[in-house]
Structure formats: C-alpha cells, structure tokens
Amino acid sequence: MTDVVKSFENLRAVDKVSLTVKRGSLTGLIGPNGSGKSTLFNIVSGIERADSGRVFFSGERIDGLPPHRVFRRGLVKSSQDPKLFLGMTVLDNVMIPPKNQLGEKPYNAPIRSIWLSQEIELAKKAGRLLNGLAMRDLFKQSASEISGGQMKLLEVGRTLMGEPKMLLLDEPTAGVAPILAREIFEQMLRMREELDITLFIIEHRLEVLFEYADYIYVMHRGRILAEGTPGEILENATVAEVYLGS
Amino acid sequence: MINITSLLITFASFFGIYTILSISLNLEYGYGGQPNFGKVAFFAMGAFVAGIVASRILPLIAGMPVTDPLGPRGVEMRIAISSTRPIETVVAFTLTLILATVVGAFFGYIFSYPALRIREEWFLAMVLLVSGEIVRIIVRSYPPMVGGYQGLAGVSNPFRWVNDATKASTIYAGLILTIALAVYFLAERLVNSPFGRLLKSVRDDPAASMSLGKDIQLVRAQVLIIGSALAALAGALYAHYIGFVTPDDFVPIRTFDVWVMVVLGGMANNKGAVAGAAVMTTIDRATAMLAVELGTSSTFIEFNYVRYVLVGILMIVMLMFRQRGLLPEKPVKTPAYEVMKD
C-alpha cells in the first residue's frame, strides 16, 4: 500500500502509510492502542474506504472494493473479537466461507443434485479442518456454546475454508491462555507451509509474535514508526521509547 | 345453524392462504432477518392481478370483447364465462397465478432496492410499511384498476363451472392446500441448503458474512423477491376464494397478522410457520363464525373484536413463556452433517 490516509472527523487514524507485505511471510503489525492498526486492516479488507492512497494485492488495486470482492480475491480478515454466527452450529460456521457454492444460488438450492457433490467435498474439507482444530466432535454444537478459546480457534480456522492467499489476523491470541497462544502461532505456521499463504498479524503478545514473525511494522499515531526483523525492532531505541516503554 | 362442510372448506382455504403468507415472512425474517412490514402490499398485488386478469384477460381468452370491466355487465360476463367455459377459466386462473408471482417478485425487488442499501434493516421495515399503505391508497383512489374504493366483483372460483357450489369450493380448497404444501416443500428445500445457511449468516451477523465474501445486499434482495412472490401468490388465491377485490381489504393490520403467525409458530422453522398459520386460522374463523352466530341473537359484544383481544393475549403469553415460539429454530439440514457422521 502507498500513502494511505484515513481520518475520522478531526482524528487522522492512518497518516500516509506505505508498507509492503512479502508473499509467504509472517509479518507483524504492532503499536499502542489507537495507533491505527485495526483501521489499516479495515481499509485493506474493504470494510473502511481510505480517504486517499492506494492498496494493491497481487499487483492489482483493491482499494474501494467492497469486502466481499476483496475476500474473493483471496484476502481474508479475521476479527479481533470472534465474529462467529452464534445462532448456527460449528459446522455451519466453517461451511460459510467457501467461494462459488452452487447451492447458495436460490434457483439451485431446491435442486439438491446440482450442489450435492460440491457440498460433500466441502464437508470433508471442513471435517479435516475441525480435526486439526480438535473440534470435530463439536460440529453439531451451537457456536454460542463453545469456549472463548475455541471460538478464537474456530474464527481463525474458518477463514481457511475460503482458500485465502493472505490472512489478516487482528489479535488472534487475545484472551487465550499463553500456551494456547503459542499453539495458535504454531498452527498458523503449519498453515502457511501447507497452504502457501501470507500472514499479516496484529498482535499485542510481543513475546510470541517476535518468536515467529519474519518482519515487523510498528505503528504510532497513524504512522509507520519503524520496520525491520524482530531483532532490529527490539534494538530500535525509538520503538523502545514510545512503545515498549523501556 | 353451523354448516360443518362449509366451515371446513373455509378453514382449509384460509389455512392454506395463511400458510403461504406465514412461510413467506418466515423466509424473509426468520431465516433472512429482513423485517418486511409491508407484507400486505404484496398480498394485495396478487389480489389486484387476479382482479385485472379476471376483468380484462379472461374475456379475451374466451374470445369475447372486454366491455364494462368494472361495471355490472362485466361481472355478468365473467361469471357466465367461469360457469360455462372450464378451459378458458382454468387458463386465465393459471395465468393469474404466474403473473401474480412475477409481479410480486418484481415489486419486492423495486420496493426493497433503496432500503437494502441502508445498513440498518429497520429502515427497510419502515419503507415497506409505508409502501404498503401507498399501494393501497393509490389503488383505492384510482378506479380504472380494480374499481377504486368500490372494488371489483366477479373474481370467480376457478372451478365454478362444476356447477355445484360446495363441490367447486371443496376442489378449490384442495387446490389451495396443495399449493401451500408445495410452497412448504419448496421453502424446506430452500432453507436446508447452502442458501439457507447463507441466509442465516446474513441474519446473524451481516458484517461478518460480508467479510467472508458474501454479497449481503444480493442475498437480502433474493429473499425479499422470493417472499414477495409467495405473498402475491397467496393474494391471488385469496381473491379467487373471496370473489371480490377491494383495496380496503389490505390494511396494515394484515401484515401484523402474518407477523403473529411467525412469532407464534416459531421463527426460522417452516413447521412453526405452518403451526402459527393453523392457530391464527382457528382464531380467525372461530371468532368470525361466532360473530355471525351471536350477531343474530343480538348480544352486547361485537365478536369480531374479540379476535384482536385473543391474539393480543396469546402473544403476551407466548412472549412471556415461550419466546422462541411453538416450534423453535433448528439447524439447517444439509448433507454436510451426514458426511461428518461418517
């Protein structure tokens, strides 16, 4: 993205931000609360529209596209708070993201033979995914009845059903136990290897992020304050001063 | 003296019509989360189409000139055709059902088009509520369509040519129930599919659904088109049952009757929608019948209004003790569950 600006009334939430996320990398985005990280993710995923600037994905401009079109290009965002469909089962939650489902067209829906084989294939894939998340036994359970940690895992796992090329994860380990936080990151690394996806992650658990990330951007007051490998960021005196506080 | 046969025919006919209406709103709101407060507008459109086809197209199909479509000669002519020309009558009736469905679907999309672009779905409810009244007032004030406030008579039972009133009504009630059954199966197929899953996701969290690649405006428009088409179908069946089309029959309270059916029966459950329609038909017919019976014995109660009291009490009781309705929501039943069991 280049020179992206977004203001809310008098507040400039994102101020001429330019950054690049390398294909296949695990890139972290850190910064104090209110530094503009989530707004930046919302702009990339189409939820918010930038006032100016350009956003590219795989060489094509995506700024101004609605979220569902951004998703279809393979750029998928997972929210800070799990945004599960709480009135639906665990299985139905993971069956929503796949693209081009024939049975989602109302004129196909009543004719089961049109979409049956695709549905079976997707269900098998969902089964494998839930197995990986150790949640297969919960497939019939309402999403509102699972634990907070499971909700988080399901939210992250669900995005994979949409066959993303790049995942934007907004605090994937927020509210989960430290052990589970590492497990989530391990799982994400496995995903990256198996599915060849790029990960761009907002994270407050710096000790975990710095262990796994290839590259880090630091935001402060809507701007990119610093960038580099985790080692470089740790040694950056300005970052330490304004963000790490030591 | 109560005529049981006539009572059963009336009950079956109203039950079928109410079932279609209830299922249509249940699709829109129960599954899709779209609060259609203008249901009566689409119900009315079906009835208006029935009036227009009966008064203008039926004579043409029968090879006769369209003379005085709104006046007594027109009424005589279409009653004569319906009584003696079975093929023409059934063809015109079939055309009515098709046209009503198409018109309902078209206006369902047109009415919802601006409102669907607003994030807050209750704006849609208000727009549709107002649109419903606008439709009624325009048709009421414009006599060339279906006779304005005076209405249009002679929209006959499509089986009038049987020449036995009870038999014709029985066959028609059977047809209404068959169509209602078909609508029920169609709705079951629709909701127990990826489309049903998608509808629920849009209802539960539109923003999350959008961020997972779903075009929520399209989905909302689709469900409103289907719901409006079904409501118009019910309206056409209703007009041919009553035999008379008047805009004053389509006041906003009818919309809320359908809401009562859905809330009472259970949202996002088609069986619940049918159960709600059954309860509502029972209250509706029982109070109407008692109003006639007691009216002749000059009681001090105007029994027609007891219906509203009963419905109100029932709603309060349901909302206090069984908020999810008689038959609560169930997960969608797609083959994916069978795969997971293996």
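The values are calculated or read from the model by the stated rules, or taken from the named source; none is laboratory data. All values derive from a computational prediction rather than experimental measurement. Neighbour counts run over all protein chains shown; Cβ positions are idealised from the backbone, glycine included.
Residues checked against (1) within 26 Å of B:V139 (Cα to Cα); (2) hydrophobic (A, V, I, L, M, F, W, C); (3) more than 10 Å from chain A (Cβ to nearest Cβ):
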{"residue": "B:V202", "(1), (2), (3)": "no, yes, no"}
{"residue": "B:P206", "(1), (2), (3)": "no, no, yes"}
{"residue": "B:A221", "(1), (2), (3)": "yes, yes, yes"}
{"residue": "B:P252", "(1), (2), (3)": "yes, no, yes"}
{"residue": "B:T255", "(1), (2), (3)": "yes, no, yes"}
{"residue": "B:W259", "(1), (2), (3)": "yes, yes, yes"}
{"residue": "B:M267", "(1), (2), (3)": "no, yes, yes"}
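Any idea how many residues of the range B:191-207 are surrounded by fewer than 24 Cβ atoms within 10 Å (Cβ to Cβ) and assigned to a helix (DSSP H, G or I)?
3
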Residue list for the range A:80-102, filter: more than 7 Å from every other protein chain (Cβ to nearest Cβ) and farther than 14 Å from A:G148 by Cα:
A:N93, A:V94, A:P98, A:N100, A:L102
Starting from the range B:60-74, take each residue that is hydrophobic (A, V, I, L, M, F, W, C) and list its partners that are in a loop (DSSP other than H, G, I, E, B), counting only C-beta distances under 6 angstrom and pairs at least six apart or across chains.
B:A62/B:R85; B:L70/B:G147
At least 2 residues that are touching a helix residue (DSSP H, G or I) at 6+ places or on another chain (Cβ under 9 Å) and under 22 Å from B:Y31 (Cβ atoms) in each: list the helices (runs of 4 or more DSSP H) lying fully within the range A:79-193 that qualify.
A:90-95, A:112-132
Kindly list the number of the only condition in (1) more than 14 Å from chain A (Cβ to nearest Cβ); (2) crowded, with 17+ Cβ neighbours inside 10 Å; (3) within 20 Å of B:S22 (Cα to Cα) that fails for B:R322.
(2)
Just checking, which of A:E163, A:E207, A:E155 is touching a residue at least 40 places away in the same chain (Cβ under 8 Å) and within 23 Å of A:G36 (Cα to Cα)?
A:E155
Please go through the range A:209-240 and pick out each residue that is modelled with pLDDT under 90, in a helix (DSSP H, G or I) and surrounded by 15 or more Cβ atoms within 10 Å (Cβ to Cβ).
A:V239
Tabulated pairs, the range A:77-90, first under 16 Å from A:G175 (Cβ atoms) and among the aliphatic types (A, V, I, L, M), second crowded, with 24+ Cβ neighbours inside 10 Å and at pLDDT 85 or above, C-beta under 6 angstrom, 6+ apart or interchain:
A:L84/A:N93; A:L84/A:A143
Matching residues, the range B:176-190, being without any contact (Cβ under 8 Å) to a residue 40 or more places away in the chain and either within 9 Å of chain A (Cβ to nearest Cβ) or crowded, with 24+ Cβ neighbours inside 10 Å (or both)
B:F185, B:L186, B:R189
Keeping to the range A:124-134, report how many residues are within 11 Å of chain B (Cβ to nearest Cβ) and in contact (Cβ under 8 Å) with a residue 40 or more places away in the chain.
1
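Rundown of residues vs (1) within 16 Å of the chain's Cα centre (by Cα); (2) surrounded by 24 or more Cβ atoms within 10 Å (Cβ to Cβ); (3) touching a residue at least 24 places away in the same chain (Cβ under 8 Å), yes/no style:
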site: B:I2; (1), (2), (3): no, no, yes
site: B:E28; (1), (2), (3): yes, yes, yes
site: B:Y31; (1), (2), (3): no, yes, yes
site: B:A54; (1), (2), (3): no, yes, yes
site: B:I57; (1), (2), (3): no, no, yes
Of all residues making up the range A:188-246, the number that are over 15 Å from A:V21 (Cα atoms) and polar (S, T, N, Q)
3
Among what's in the range B:208-218 and is polar (S, T, N, Q) and buried (at least 24 other Cβ atoms within 10 Å of the Cβ), pick the residue that is nearest to the other protein chains (Cβ to nearest Cβ).
B:S211
I'd like to check something: does the range B:227-250 contain any residue that is touching a Lys or Arg at 6+ places or on another chain (Cβ under 9 Å), surrounded by 24 or more Cβ atoms within 10 Å (Cβ to Cβ), within 14 Å of another protein chain (Cβ to nearest Cβ) and not β-branched (V, I, T)?
yes
Return the only residue of A:E145, A:E121 being free of Cβ contacts under 8 Å to residues at least 12 places away in the same chain, within 11 Å of chain B (Cβ to nearest Cβ), out of contact with any Ser or Thr (no Cβ under 8 Å at 6 or more places or on another chain) and not hydroxyl-bearing (S, T, Y).
A:E121
Hits in the range A:192-208 (condition: surrounded by 17 or more Cβ atoms within 10 Å (Cβ to Cβ), among the hydrophobic types (A, V, I, L, M, F, W, C) and more than 11 Å from the chain's Cα centre (by Cα))
A:I197, A:L206, A:V208
Filter the range B:86-99 down to the residues that are under 10 Å from B:I61 (Cα atoms) and surrounded by 15 or more Cβ atoms within 10 Å (Cβ to Cβ) and list them by number.
B:E88, B:T89, B:V91, B:A92
Test set (1) surrounded by 20 or more Cβ atoms within 10 Å (Cβ to Cβ); (2) modelled with pLDDT under 95 - A:E171 fails condition number:
(1)
Taking the range A:48-74 as the region of interest, how many residues are at the interface with chain B (Cβ under 10 Å from one of its Cβ atoms) and either assigned to a strand (DSSP E or B) or buried (at least 22 other Cβ atoms within 10 Å of the Cβ) (or both)?
3
Out of the range B:258-290, which residues are among the hydroxyl-bearing types (S, T, Y) and over 17 Å from the mean Cα position of the chain (by Cα)?
B:T287
